[in-house]
Amino acid sequence: MGVAGQWPYKSTGRVRALVLLALGVVKVVTAEQLRQLVLPGTADPQTVRNACKDLRHAGLVETVGKTSRLGAGGRPVTRQLWNLTTAGLAAAASELGRPVKEMGGTAREAAKAGAAHALAVTDTIDAIRQSAPLPTQPVRRRSAAPAPSRQLPARPAGLGHLGGWETEVALPVVGTFTAPGKGSLRADAVLQAPEDGVPVLFVEVDNHTEPAATVAAKINRYRRFFQRKVKDHQGRDVELRSTVWEDSGRGGYPPLALVFTKDAGPEARFNRMKKVAELSRDCWRGRWERPGAGFGLEEEKRDGWREYAGTVPVIATHLDQLRAKGPHGPVWWRFGRTTWQPLNDALTNTDTQAEYFARSDARRATQEAQYQRKWEETRREQEERLAALWPCPSCGRSVDPHHTDTDGYQPEPGGLCPVCERARRELEAERLSSQERTGIMARLRTRAAER
């Protein structure tokens, strides 16, 4: 590698290593995409283009195809497609630290055909990764004036690193990972970013080249793969995917991200998302559990939780949204929900059993607090009532000022108790009656004497 003339385009070892790493992941790419993936801080794609030319000179990469798109003014712009040779595949495996047998193919045939889908997958990886632009030091030229400082483009926060991605990953419904059987599928891309709270994320890119029913059927095949079990070294049944990827820790199967790339207008592309969601409902919709409903418990019938075991969490977005706001922006629609959410919110299950028990605990705590307040109020009222009592001046009984007897008697402060007051009234009534009788007799005797 150090022989004079080995690198005629004068690329640096760092850039060549980054290019090999990127090609090891995405397999086929344009120079513009390479720049976005590994060196977005450079002024133009020429830096990575020179690295590709040097690697081609060394027999590690080749260009066997081209892609075309409309440029400014509606004129088609043609760009070369770069892919690895067999030797380059081995070199890329070394950069990624992966066995060559896990690297897949060189994508030579895809490059010849224009690789439209593969390029869309690369754009999706870049939009999720959002590699931060870093300032670069331009090569000094003797005759050139000092280059003016350049304003680097701002990009939203991204997810994961390039080495955490794989493309065209076999998911065997039957057979093995190296020899998948009939009915198996290949994930467009798989991201492992445990450092960002995403142990694994499967990604499917949709160019609107297939009917919505075909995309929905692919989601069902994902579920079949996730359901597949094998024996571990202790003879226990374990899910095959757990032998390769970590559990998400969120409940249910690993999440699947659908990225729609066709510029069909917001309404049309969301209608397609909704159609795919409706056709795949059995795969992602959690089962609603209502404990106690079978026993006629009315309160329990109104609440419950959603059981996500055996479901595939599906989140969907459009490439334009992903590019503009990044994976942590409110760009994801979780099938079954009503709003656009950031990635973490979209991946987090809602209406879970834990939330149900939390609600139950909250209700119980509220009821206990209400009971405690009522008990405290009753106790306080009793204390205030006891504090207001006084002994009856006649019999010594406690007199309650709030007591009203059947005769309407309510004691005045310091007054008699109702019993003594009743006795006093009876005695008073008897005294008055006696006085009245005495008066009548006196009047009768007076009349008799007058006669």
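Does the stretch 434-443 contain at least one residue that is among the β-branched types (V, I, T), part of a helix (DSSP H, G or I) and more than 30 Å from L389 (Cβ to Cβ)? Scanning the stretch 434-443 turns up at least one residue that is among the β-branched types (V, I, T), part of a helix (DSSP H, G or I) and more than 30 Å from L389 (Cβ to Cβ). Considered as a group, the residues in the stretch 32-47 that are part of a helix (DSSP H, G or I) and under 13 Å from A132 (Cβ atoms) include one that is most open to solvent (accessible area, probe 1.4 Å), and that residue is Q36. Being surrounded by 10 or more Cβ atoms within 10 Å (Cβ to Cβ), more than 30 Å from D303 (Cα to Cα) and out of contact with any Pro (no Cβ under 8 Å at 6 or more places or on another chain) holds for only one residue in E368, E383, and it is E383. Within the option set V198, V215, being surrounded by 19 or more Cβ atoms within 10 Å (Cβ to Cβ) and modelled with pLDDT under 95 holds for one residue only, V198.
Specify the residue that is modelled with the lowest pLDDT; the eligible residues are those in the stretch 273-301 that are over 22 Å from the mean Cα position of the chain (by Cα) and open to solvent by less than 60 Å² (accessible area, probe 1.4 Å). Among residues in the stretch 273-301 that are over 22 Å from the mean Cα position of the chain (by Cα) and open to solvent by less than 60 Å² (accessible area, probe 1.4 Å), the one modelled with the lowest pLDDT is E300.
Quick grid of which residues meet (1) of a type in the set (A, V, I, L, M); (2) assigned to a loop (DSSP other than H, G, I, E, B):
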residue: G183; (1), (2): no, yes
residue: A187; (1), (2): yes, no
residue: V190; (1), (2): yes, no
residue: Y222; (1), (2): no, no
residue: E246; (1), (2): no, yes
residue: R250; (1), (2): no, yes
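Only residues that are assigned to a helix (DSSP H, G or I), within 21 Å of G326 (Cα to Cα) and open to solvent by 80 Å² or more (accessible area, probe 1.4 Å) were counted across the stretch 338-365, and they come to 1. Scanning the stretch 218-260 for residues that are closer than 25 Å to D320 by Cα and open to solvent by 20 Å² or more (accessible area, probe 1.4 Å) gives a single hit, K218.
Condition check ((1) among the acidic types (D, E); (2) without any contact (Cβ under 8 Å) to a residue 60 or more places away in the chain; (3) in contact with a Gly (Cβ under 9 Å, 6 or more places away or on another chain)) across all residues:
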{"position": "D196", "(1), (2), (3)": "yes, yes, yes"}
{"position": "E204", "(1), (2), (3)": "yes, yes, no"}
{"position": "A216", "(1), (2), (3)": "no, no, no"}
{"position": "K229", "(1), (2), (3)": "no, yes, no"}
{"position": "D247", "(1), (2), (3)": "yes, yes, no"}
{"position": "K274", "(1), (2), (3)": "no, yes, no"}
{"position": "E289", "(1), (2), (3)": "yes, no, yes"}
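Per the listing A448, A429, the residue uniquely loosely packed, with under 10 Cβ neighbours inside 10 Å, without any contact (Cβ under 8 Å) to a residue 24 or more places away in the chain, of a type outside the set (S, T, N, Q) and part of a helix (DSSP H, G or I) is A448.
The values are calculated or read from the model by the stated rules, or taken from the named source; none is laboratory data. What you see is a predicted model, and the numbers here were worked out from it, not measured in a lab. For neighbour counting, all protein chains shown are included, and Cβ atoms are generated from backbone atoms with ideal geometry for every residue, glycine included. All accessible areas refer to the heavy atoms of the entire protein, side chains included, with ligands and DNA or RNA removed. Shrake-Rupley method; radii C 1.70, N 1.55, O 1.52, S 1.80 Å.
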